[in-house]
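Engineer: Please see the structure below; I have some questions.
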Amino acid sequence: MITKMTVTNIHVIDQDSAYDFYVNKLGFRVVDDIPMGPGTRWLTVSPPDQPDLQLVLFPVTVSKMFPQKIVDTLTDLIKQGVFGCGVLTCHDVFATYEELKAKGVEFIKAPAKEFYGTEALFKDDSGNYFSLQPISNFDDENGI
Amino acid sequence: MIATAYHQKVYLYRRVVQAKLFIDSNYSEKIDLDGIAGEAYFSKFHFIRLFKSIYGKTPHHYLKHLRIAQAKVLLAQNLSITETCFAVGFESLSSFSTLFTTIVGQSPSAYSKRHQQTKQRISKNPHAYVPGCYAYQHGWFENSNFEEVGD
């Protein structure tokens, strides 16, 4: 029986820039930051209230699994904003929207009421996008 | 409707957000939370209530947790306990140690020691701290024998 998610990936184009975005703008905590040779590192972060979930800020660089052609295609798709990386929750979407905007985060959708609840959409520094929703959207009483 | 509600609230939100960002930037200094509330609102209690509804903590509670979170970062970087205490805005070593222990579950010295030991182990064998599947995917194993362990 699977019990929980522990590690998941976010493919990023530049790890230094991703560190700044996820740590200094989103307020995530660094879990691991281990050099793995020139130009790359094992970099994982966690949402502030979820220390047991690590997001790997995974660099899209040429490696055993990623030949140059894949790196080029993946980089292009990330920059185009093709990849949604999930839902991040907060107490209040409107306030979080204001805070992240003040920090320079680019929103592709301002907070708006949808049939499933209030939602905003923003991009990370690479081009991946996230849905931002109030935690109340996921309360049992809302049927999700 | 939601746009109207949002525009009605946006002014209040921006004030609370600015207060929170002020705390984020100035946690290492002595912060007068009552003063922040006074500048932002007529009612201190209204400010606290709104702050808590947005961030899930009162400003005072938020500031305490922010300081301890930053202390963890500094201790992990091997700053001394005294340096860390004052760097994150505490004026008393004992109050810092007590609060740190309450929130983190271990004393600052125990936390620091554990982190330095972990850092030493990581520097000696970094691959042991990366899931093997990732290290393999990136070719981080110097002498990987994964290919030889097929079915």
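Engineer: Test A:Tyr129 against the stated conditions and say whether it is touching a strand residue (DSSP E or B) at 6+ places or on another chain (Cβ under 6 Å), within 11 Å of another protein chain (Cβ to nearest Cβ) and either within 23 Å of B:Tyr13 (Cβ to Cβ) or open to solvent by 70 Å² or more (accessible area, probe 1.4 Å) (or both).
Structural biologist: Considered against the rule, which asks whether it is touching a strand residue (DSSP E or B) at 6+ places or on another chain (Cβ under 6 Å), within 11 Å of another protein chain (Cβ to nearest Cβ) and either within 23 Å of B:Tyr13 (Cβ to Cβ) or open to solvent by 70 Å² or more (accessible area, probe 1.4 Å) (or both), A:Tyr129 comes out as no.
Engineer: Could you say which residue among A:Asp33, A:Asp52 is of a type in the set (Asp, Glu), open to solvent by 20 Å² or more (accessible area, probe 1.4 Å), touching a strand residue (DSSP E or B) at 6+ places or on another chain (Cβ under 8 Å) and assigned to a strand (DSSP E or B)?
Structural biologist: On the way: A:Asp52 fails: assigned to a strand (DSSP E or B).
Checking each option against the conditions leaves just A:Asp33.
Engineer: Does A:Ala102 satisfy being among the hydrophobic types (A, V, I, L, M, F, W, C) and modelled with pLDDT under 95?
Structural biologist: Taking the combined requirement at face value, the residue satisfies it.
Engineer: For residues that are open to solvent by 40 Å² or more (accessible area, probe 1.4 Å) and not in a helix (DSSP H, G or I), scanning just the range B:108-143, find the one that is nearest to the other protein chains (Cβ to nearest Cβ).
Structural biologist: Within the range B:108-143, the match that is nearest to the other protein chains (Cβ to nearest Cβ) is B:Gly139.
The values are calculated or read from the model by the stated rules, or taken from the named source; none is laboratory data. None of the values given here were measured: they were computed from a predicted structure. Cβ coordinates were reconstructed from backbone atoms using ideal geometry, including for glycine residues, and neighbour counts include every protein chain displayed. Accessible surface areas use protein heavy atoms only, side chains included; no ligands, DNA or RNA. Shrake-Rupley method; radii C 1.70, N 1.55, O 1.52, S 1.80 Å.
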